[in-house]
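Undergrad: This is the structure, below, for whatever I ask next.
The values are calculated or read from the model by the stated rules, or taken from the named source; none is laboratory data. Everything numeric in this text was worked out from a predicted model, so none of it was measured. Here the Cβ positions follow ideal geometry from the backbone for every residue, glycine too, while neighbour counts run over all protein chains shown. SASA here: full protein model, heavy atoms, side chains in, ligands and nucleic acids out. Shrake-Rupley method; radii C 1.70, N 1.55, O 1.52, S 1.80 Å.
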Amino acid sequence: MKCTKCKGKAIIKLPQHNARFCKTHFEEYFLNQVKKAVKKYKMIGKDEKVLVAVSGGKDSLVLWEVLHRLGYNAEGFYIDLGIEEYSRHSLELCRDFADSRNLQLNTVSLPGLTGYGIREISQKTRRTPCSACGLIKRYLFNRLALERGYQVIATGHNLDDEAATLMGNITRWQTNYLSRQSPVLPSNHPSMVKKIKPLCRLTEKETSSFAVLNGINYIYEECPLAEGARSILYKKTLNYLENNSPGTKIQFYLGFLKQKTELFPQESETDLSVCRICHQPTTLEVCAFCNMMEKLGLEKITL
Ligand code: Q46
Ligand code: ZN
Ligand code: ZN
């Protein structure tokens, strides 16, 4: 198998682009896909400081590596969710990654802040672990970014994640979610930080290949509290389609982004104010995070 670009030995085949690449040209292709997404969706402005949400998984660490290589001022943020050995191991991998590249990693410990890990918070607040976890992560990302002067929050969602979310939103006709599904969520309030997904054009297979080729150590274990059975089903379905008709996944997702403004001409506006307790943006008097803390018998949280 020969590289489409240099005729050297190819190490990866990308049927969706009808291409095969050697290590050098695969990396060039990978960085170009990120550059394209950043440019097309105006993800990072000049002089903007980026906070990369890292979990120890392949996508977020690869994202940090790529943004760093492309010359962005990108620092990491890890939240210790208090999920026993899983959290200990993933923090260690994020620290090793940051230290080996001399990058700054911000960390916050949920048990340190609240006295509880996700498992206990989920039980005490009667939410599923992933719903409690999602709320806490969104809140802490925004608050830390705001308090420490980052203008952009970057997450490692890849094409497989985005296409699976899209399929889920379509099969259940969740038009409200569809209208908001985007690789960039601009700030629509002075206390709301812009959120971006620069890996949205790259598949899971491409991200893991990039991690392996660049010696990035990441956590292989699944989070023991993971519930995403439905999203796994959508990913399997999309992979089946992709294997039988290469290019389906990227056409499905990019096609949607292209049609989106026609499909949803008016973005649904939400009226945001600030939380009475923590001054973070919310549509309610007390935000969902502070409400959760009240249920745990806790007062205002200081980061
Ligand atoms: S960390 Fe948290 Fe995920 Fe674990 S509890 Fe669910 S949401 S699965 S990305
Ligand atoms: Zn080549
Ligand atoms: Zn609040």
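Undergrad: Strictly greater than 18 Å: what percent of every Cα pair in segment 1-74 meets that?
TA: 49
Undergrad: Between Glu75, Glu85, Glu262, which gets the highest mean-square fluctuation from a Gaussian network model of the chain, Cα cutoff 10 Å?
TA: Evaluated over the chain, the most mobile residue of the options is Glu262.
Undergrad: In sequence order, what are the phi-derived ³J(HN,Hα) couplings for segment 219-225 according to the Karplus relation 6.51 cos²θ - 1.76 cosθ + 1.60 with θ = phi - 60°, rounded to whole Hz, with x for glycine and proline?
TA: 7, 8, 5, 7, 4, x, 9
Undergrad: Full-extension gain between Ala288 and Asn188, please, as 0.36 nm times their residue separation minus the C-alpha to C-alpha distance.
TA: 34.2 nm
Undergrad: Working out 0.36 nm times the residue gap between Lys42 and Arg138, then minus their Cα-Cα distance, what length gain in nm do you get to one decimal?
TA: 32.4 nm
Undergrad: Can you send over the carbon and sulfur percentage of the accessible area for segment 37-269, probe radius 1.4 Å, protein chains only?
TA: Result for segment 37-269: 51 percent of the exposed heavy-atom area is carbon or sulfur.
Undergrad: Going by alpha carbons, how many degrees (0 to 90, nearest 10) lie between the helix axis of 129-147 and the longest principal axis of the chain?
TA: Between helix and principal axis, roughly 90 degrees.
Undergrad: Pick from Ile118, Ile153, Ile277: which is most flexible by mean-square fluctuation in a GNM of the chain where alpha carbon atoms under 10 Å apart are linked?
TA: Per the Cα network of the chain with a 10 Å cutoff, Ile277 tops the list.
Undergrad: Separation of segment 243-257 and segment 61-114 by C-alpha centroid, Å?
TA: Cα centroid to Cα centroid, the span is 32 Å.
Undergrad: Could I ask something else about it? Once you place label points 7 Å from the Cα toward the Cβ at Lys49 and Thr270, how far apart are they in nm?
TA: 2.6
Undergrad: Taking the Cα centre of the chain as origin, work out the dipole magnitude from +1 charges on Lys and Arg Cβ and -1 charges on Asp and Glu Cβ, in debye rounded to 20.
TA: The calculation lands at about 1060 debye.
Undergrad: Taking H placed 1.01 Å from N in the peptide plane, check which residues at least 5 places from Ile11 or on another chain put their amide H under 5 Å from its amide H.
TA: Result for Ile11 returns Phe21, Cys22, Lys23.
Undergrad: Quick check: the distance between the Cα centres of segment 157-224 and segment 7-58, to the nearest angstrom?
TA: Centre-to-centre (Cα) distance: 14 Å.
Undergrad: Follow-up. To check my understanding: the extent here is largest minus smallest coordinate of the Cα atoms along each principal axis. What are those three numbers for segment 37-269, in Å, largest first?
TA: Computed over the Cα atoms, the extents are 45, 42, 40 Å.
Undergrad: If you don't mind, another one. Angle between the Cα long axis of helix 248-263 and the longest principal axis of the chain, 0 to 90 degrees, nearest 10?
TA: Taking Cα atoms only, the helix is inclined about 60 degrees.
Undergrad: Assuming 0.36 nm per residue, please report the length gained on full extension of the stretch Leu296 to Cys6 beyond their Cα-Cα distance.
TA: That works out to 98.4 nm of additional length.
Undergrad: Also, quick follow-up: Considering only Cα-Cα distances, which of the following residue pairs are longer than 31 Å: Lys2/Lys46; Lys124/Lys205; Lys195/Lys236; Lys236/Lys260; Lys2/Lys258; Lys42/Lys295?
TA: Lys2/Lys46; Lys124/Lys205; Lys2/Lys258; Lys42/Lys295
Undergrad: Another question, then. Which trypsin sites (Lys or Arg not before Pro) in segment 132-171 sit in a loop by DSSP (not H, G, I, E or B) and have at most 15 other Cβ atoms within 10 Å of their own Cβ?
TA: Arg148
Undergrad: Output the 0 to 90 degree angle, nearest 10, between the alpha-carbon long axis of helix 58-69 and the longest principal axis computed from the alpha carbons of the chain.
TA: 80
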